[in-house]
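Engineer: What follows is a single structure, and I will ask about it in a moment.
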Amino acid sequence: IVLLKEDLLVVAEGITEGRRIFANVVKYIRTTLAANVGNFFSLSVLSLFMRFLPMLPIQLLLVNLLSDLPMVSIGVDRVPTRETARPQQYDMRRLFVFVLVFGAVNSLFDFVFFRAFGGSDETLVRTGWFILSIFTEIAAFISLRTLLPFWRGGRPAAGILWCSGVACAASILLPLIPATRRVFSFSLPNGYEFLIIGGILLAYFAANEGAKA
(Lines give C-alpha, C1' and ligand atoms only; values in the text may rest on other atoms or scores of the structure.)
Protein backbone atom coordinates (compact mmCIF):
# COMPACT_ATOMS: atom_id res chain seq x y z
CA ILE A 1 0.00 0.00 0.00
CA VAL A 2 1.37 3.40 -1.00
CA LEU A 3 -0.02 6.21 1.12
CA LEU A 4 -0.42 9.50 -0.71
CA LYS A 5 -0.67 11.31 2.62
CA GLU A 6 1.36 10.88 5.78
CA ASP A 7 -1.73 9.86 7.70
CA LEU A 8 -2.92 6.35 8.60
CA LEU A 9 -6.51 7.62 8.54
CA VAL A 10 -6.23 7.25 4.75
CA VAL A 11 -6.29 3.48 5.29
CA ALA A 12 -9.39 3.69 7.48
CA GLU A 13 -11.12 5.90 4.91
CA GLY A 14 -10.24 3.43 2.17
CA ILE A 15 -11.72 0.56 4.15
CA THR A 16 -14.92 2.53 4.76
CA GLU A 17 -15.18 3.38 1.07
CA GLY A 18 -14.66 -0.26 0.13
CA ARG A 19 -17.43 -1.33 2.49
CA ARG A 20 -19.73 1.34 1.07
CA ILE A 21 -19.08 0.10 -2.48
CA PHE A 22 -19.67 -3.49 -1.37
CA ALA A 23 -22.99 -2.54 0.27
CA ASN A 24 -24.18 -0.80 -2.92
CA VAL A 25 -23.13 -3.76 -5.09
CA VAL A 26 -25.15 -6.15 -2.90
CA LYS A 27 -28.05 -3.68 -2.95
CA TYR A 28 -27.96 -3.63 -6.76
CA ILE A 29 -27.78 -7.43 -7.06
CA ARG A 30 -30.63 -8.22 -4.70
CA THR A 31 -32.96 -5.52 -6.06
CA THR A 32 -32.32 -6.29 -9.73
CA LEU A 33 -32.60 -10.05 -9.32
CA ALA A 34 -35.79 -9.85 -7.26
CA ALA A 35 -37.51 -7.55 -9.76
CA ASN A 36 -36.33 -9.37 -12.89
CA VAL A 37 -37.00 -12.89 -11.59
CA GLY A 38 -40.53 -11.82 -10.66
CA ASN A 39 -41.22 -10.13 -14.00
CA PHE A 40 -39.79 -12.91 -16.15
CA PHE A 41 -41.71 -15.56 -14.20
CA SER A 42 -44.93 -13.56 -14.66
CA LEU A 43 -44.24 -13.07 -18.37
CA SER A 44 -43.52 -16.77 -18.89
CA VAL A 45 -46.63 -17.98 -17.08
CA LEU A 46 -48.98 -15.39 -18.56
CA SER A 47 -47.74 -16.08 -22.10
CA LEU A 48 -48.94 -19.68 -21.75
CA PHE A 49 -52.52 -18.78 -20.87
CA MET A 50 -53.27 -15.45 -22.55
CA ARG A 51 -54.58 -15.07 -26.08
CA PHE A 52 -52.03 -12.31 -26.78
CA LEU A 53 -48.52 -11.37 -25.65
CA PRO A 54 -48.70 -9.58 -22.28
CA MET A 55 -46.12 -7.09 -23.53
CA LEU A 56 -44.57 -6.46 -26.94
CA PRO A 57 -40.78 -6.83 -27.28
CA ILE A 58 -40.29 -3.09 -27.92
CA GLN A 59 -42.28 -2.30 -24.78
CA LEU A 60 -40.30 -4.81 -22.72
CA LEU A 61 -37.02 -3.25 -23.88
CA LEU A 62 -38.37 0.18 -22.98
CA VAL A 63 -39.31 -1.06 -19.49
CA ASN A 64 -35.77 -2.34 -18.98
CA LEU A 65 -34.26 0.92 -20.22
CA LEU A 66 -36.36 3.18 -18.00
CA SER A 67 -36.35 1.01 -14.87
CA ASP A 68 -32.55 0.69 -15.06
CA LEU A 69 -32.08 4.47 -14.89
CA PRO A 70 -32.05 4.56 -11.05
CA MET A 71 -29.84 1.45 -11.00
CA VAL A 72 -27.00 3.07 -12.93
CA SER A 73 -26.70 5.72 -10.22
CA ILE A 74 -26.77 3.27 -7.32
CA GLY A 75 -23.01 3.59 -6.88
CA VAL A 76 -23.48 7.05 -5.36
CA ASP A 77 -26.25 5.96 -2.98
CA ARG A 78 -25.89 6.64 0.73
CA VAL A 79 -25.05 3.71 2.99
CA PRO A 80 -25.95 3.68 6.71
CA THR A 81 -22.98 3.86 9.08
CA ARG A 82 -23.96 0.56 10.65
CA GLU A 83 -23.28 -1.18 7.30
CA THR A 84 -19.75 0.23 7.07
CA ALA A 85 -18.89 -0.27 10.75
CA ARG A 86 -17.83 -3.89 10.26
CA PRO A 87 -16.78 -6.18 7.39
CA GLN A 88 -19.56 -7.60 5.21
CA GLN A 89 -19.59 -10.74 3.09
CA TYR A 90 -21.67 -12.36 0.39
CA ASP A 91 -24.26 -14.73 1.85
CA MET A 92 -25.45 -16.67 -1.19
CA ARG A 93 -28.07 -18.65 0.71
CA ARG A 94 -29.62 -15.49 2.13
CA LEU A 95 -29.49 -13.82 -1.28
CA PHE A 96 -31.20 -16.82 -2.88
CA VAL A 97 -34.01 -16.77 -0.31
CA PHE A 98 -34.31 -12.98 -0.68
CA VAL A 99 -34.69 -13.23 -4.46
CA LEU A 100 -37.27 -16.02 -4.20
CA VAL A 101 -39.39 -14.20 -1.62
CA PHE A 102 -39.40 -10.78 -3.27
CA GLY A 103 -39.59 -12.24 -6.77
CA ALA A 104 -42.74 -14.07 -5.64
CA VAL A 105 -44.18 -10.83 -4.23
CA ASN A 106 -43.51 -9.13 -7.56
CA SER A 107 -45.19 -11.92 -9.53
CA LEU A 108 -48.19 -11.97 -7.20
CA PHE A 109 -48.99 -8.34 -7.94
CA ASP A 110 -48.43 -8.86 -11.66
CA PHE A 111 -51.16 -11.51 -11.48
CA VAL A 112 -53.36 -9.14 -9.45
CA PHE A 113 -52.98 -6.59 -12.25
CA PHE A 114 -54.01 -9.08 -14.94
CA ARG A 115 -56.95 -10.19 -12.83
CA ALA A 116 -58.09 -6.57 -12.64
CA PHE A 117 -57.49 -5.80 -16.34
CA GLY A 118 -58.19 -9.27 -17.75
CA GLY A 119 -61.28 -8.20 -19.69
CA SER A 120 -59.74 -5.07 -21.20
CA ASP A 121 -58.43 -4.48 -24.71
CA GLU A 122 -54.98 -6.00 -25.27
CA THR A 123 -53.39 -2.62 -26.02
CA LEU A 124 -54.70 -1.20 -22.76
CA VAL A 125 -53.47 -4.24 -20.83
CA ARG A 126 -49.98 -3.83 -22.26
CA THR A 127 -49.97 -0.10 -21.54
CA GLY A 128 -51.12 -0.60 -17.96
CA TRP A 129 -48.57 -3.32 -17.28
CA PHE A 130 -45.85 -1.17 -18.85
CA ILE A 131 -46.63 1.68 -16.45
CA LEU A 132 -47.01 -0.63 -13.45
CA SER A 133 -43.77 -2.51 -14.23
CA ILE A 134 -41.68 0.66 -14.17
CA PHE A 135 -43.29 1.97 -11.01
CA THR A 136 -43.02 -1.37 -9.19
CA GLU A 137 -39.32 -1.74 -10.05
CA ILE A 138 -38.61 1.73 -8.69
CA ALA A 139 -40.80 1.06 -5.64
CA ALA A 140 -38.89 -2.20 -5.10
CA PHE A 141 -35.61 -0.32 -5.20
CA ILE A 142 -36.79 2.31 -2.71
CA SER A 143 -38.03 -0.43 -0.39
CA LEU A 144 -35.27 -3.03 -0.81
CA ARG A 145 -32.27 -0.68 -0.78
CA THR A 146 -32.36 -1.20 2.99
CA LEU A 147 -33.49 -4.13 5.14
CA LEU A 148 -34.81 -1.63 7.67
CA PRO A 149 -38.22 0.01 7.22
CA PHE A 150 -37.73 2.33 4.24
CA TRP A 151 -38.15 5.50 6.32
CA ARG A 152 -35.24 4.43 8.55
CA GLY A 153 -32.93 3.59 5.67
CA GLY A 154 -31.96 7.18 4.96
CA ARG A 155 -32.87 9.31 1.97
CA PRO A 156 -31.60 7.99 -1.39
CA ALA A 157 -28.90 10.03 -3.13
CA ALA A 158 -30.10 12.94 -5.25
CA GLY A 159 -29.02 11.22 -8.48
CA ILE A 160 -31.22 8.24 -7.72
CA LEU A 161 -34.21 10.45 -6.97
CA TRP A 162 -33.75 12.39 -10.21
CA CYS A 163 -33.37 9.23 -12.32
CA SER A 164 -36.41 7.66 -10.63
CA GLY A 165 -38.43 10.79 -11.33
CA VAL A 166 -37.44 10.77 -15.00
CA ALA A 167 -38.38 7.08 -15.37
CA CYS A 168 -41.76 7.56 -13.68
CA ALA A 169 -42.55 10.68 -15.70
CA ALA A 170 -41.62 8.94 -18.95
CA SER A 171 -43.83 5.94 -18.16
CA ILE A 172 -46.81 8.29 -17.78
CA LEU A 173 -46.00 10.69 -20.65
CA LEU A 174 -45.19 8.14 -23.37
CA PRO A 175 -48.78 6.79 -23.51
CA LEU A 176 -50.16 10.34 -23.31
CA ILE A 177 -48.21 11.75 -26.29
CA PRO A 178 -49.86 10.74 -29.59
CA ALA A 179 -46.57 10.21 -31.48
CA THR A 180 -44.96 7.94 -28.87
CA ARG A 181 -48.29 6.23 -28.30
CA ARG A 182 -48.27 5.13 -31.94
CA VAL A 183 -44.59 4.16 -32.01
CA PHE A 184 -44.79 1.93 -28.92
CA SER A 185 -48.35 0.67 -29.55
CA PHE A 186 -49.77 2.15 -26.36
CA SER A 187 -53.33 3.20 -25.59
CA LEU A 188 -54.54 6.00 -23.34
CA PRO A 189 -55.70 4.79 -19.89
CA ASN A 190 -58.48 6.76 -18.24
CA GLY A 191 -58.46 8.17 -14.71
CA TYR A 192 -60.15 5.11 -13.20
CA GLU A 193 -57.55 2.79 -14.71
CA PHE A 194 -54.74 4.97 -13.38
CA LEU A 195 -56.35 4.72 -9.93
CA ILE A 196 -56.37 0.92 -10.12
CA ILE A 197 -52.70 0.91 -11.12
CA GLY A 198 -51.91 3.29 -8.25
CA GLY A 199 -53.77 1.07 -5.77
CA ILE A 200 -51.88 -2.03 -6.90
CA LEU A 201 -48.60 -0.11 -6.62
CA LEU A 202 -49.31 0.99 -3.03
CA ALA A 203 -50.32 -2.55 -2.05
CA TYR A 204 -47.13 -3.89 -3.66
CA PHE A 205 -44.94 -1.44 -1.74
CA ALA A 206 -46.69 -2.35 1.53
CA ALA A 207 -46.23 -6.06 0.80
CA ASN A 208 -42.49 -5.56 0.27
CA GLU A 209 -42.21 -3.74 3.58
CA GLY A 210 -44.19 -6.50 5.28
CA ALA A 211 -42.02 -9.22 3.74
CA LYS A 212 -38.89 -7.43 4.98
CA ALA A 213 -40.27 -7.39 8.50
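Engineer: Among Tyr204, Tyr192, what's the order by accessible area (1.4 angstrom probe), most exposed first?
Structural biologist: Ranking Tyr204, Tyr192 by accessible area, largest first, yields Tyr192, Tyr204.
Engineer: Heavy atoms only, probe 1.4 Å: what % of the accessible area of the chain goes to carbon and sulfur, would you let me know?
Structural biologist: Result for the chain: 69 percent of the exposed heavy-atom area is carbon or sulfur.
Engineer: Diagonalise the Cα gyration tensor of the stretch 42-91 and give the resulting equivalent ellipsoid semi-axes, square root of 5 times each eigenvalue, largest first, whole Å.
Structural biologist: That gives 37, 16, 7 Å for the three semi-axes.
Engineer: May I pose another question? Any idea what diffusion coefficient the chain gets from Stokes-Einstein, in µm²/s, Kirkwood Rh on alpha carbon pairs, 20 °C, 1.002 mPa s?
Structural biologist: 115
Engineer: Can you classify the stretch 106-213 as rounded, prolate or oblate using the Cα gyration tensor, where a ≥ b ≥ c are the square roots of its eigenvalues, rounded means a/c under 1.5, and otherwise it's prolate if a/b beats b/c and oblate if not?
Structural biologist: oblate
Engineer: Which of Arg82, Arg155, Arg19 moves most in a GNM of the chain, Cα contacts under 10 Å?
Structural biologist: Comparing Arg82, Arg155, Arg19 in the GNM, the peak value goes to Arg82.
Engineer: Under DSSP H, which helices of the chain have Cα atoms covering 20 Å or more of the helix axis and a Kyte-Doolittle average no less than -1.0?
Structural biologist: 9-49, 92-117, 122-144, 158-176, 191-212
Engineer: Solvent-accessible area per residue for the stretch 31-96 at a 1.4 Å probe radius, Å²?
Structural biologist: 63
Engineer: Now, a different point. Of Phe205, Phe150, which has the most accessible area with a 1.4 Å probe, and how do the rest follow in descending order?
Structural biologist: Solvent-accessible surface, decreasing: Phe150, Phe205.
Engineer: Per DSSP H run of n ≥ 4, the term is -39500 (n - 2.57); total these for the chain, divide by its residue number, and report the mean residue ellipticity at 222 nm rounded to 500 deg cm²/dmol.
Structural biologist: Dividing the helical sum by the residues of the chain leaves -24500 deg cm²/dmol.
Engineer: Another question, then. Counting only the heavy atoms of the protein chains, how much of Leu148 is accessible to a 1.4 Å probe, in Å² to the nearest 10?
Structural biologist: Near enough 40 Å² of accessible area.
Engineer: Here's a follow-up. Dipole magnitude of the chain about its Cα centre, charges +1 at Lys/Arg Cβ and -1 at Asp/Glu Cβ only, in debye to the nearest 20?
Structural biologist: So the magnitude is around 280 debye.
Engineer: Would you mind working out the magnitude of the charge dipole of the stretch 1-125 relative to its Cα centre, with +1 at each Lys and Arg C-beta and -1 at each Asp and Glu C-beta, to the nearest 20 Debye?
Structural biologist: 380
The values are calculated or read from the model by the stated rules, or taken from the named source; none is laboratory data. Predicted model only: the values in this text are computed from it and were never measured. Cβ sites come from the backbone with ideal geometry, for glycine too, and all protein chains shown count toward neighbours. Accessible surface areas use protein heavy atoms only, side chains included; no ligands, DNA or RNA. Shrake-Rupley method; radii C 1.70, N 1.55, O 1.52, S 1.80 Å.
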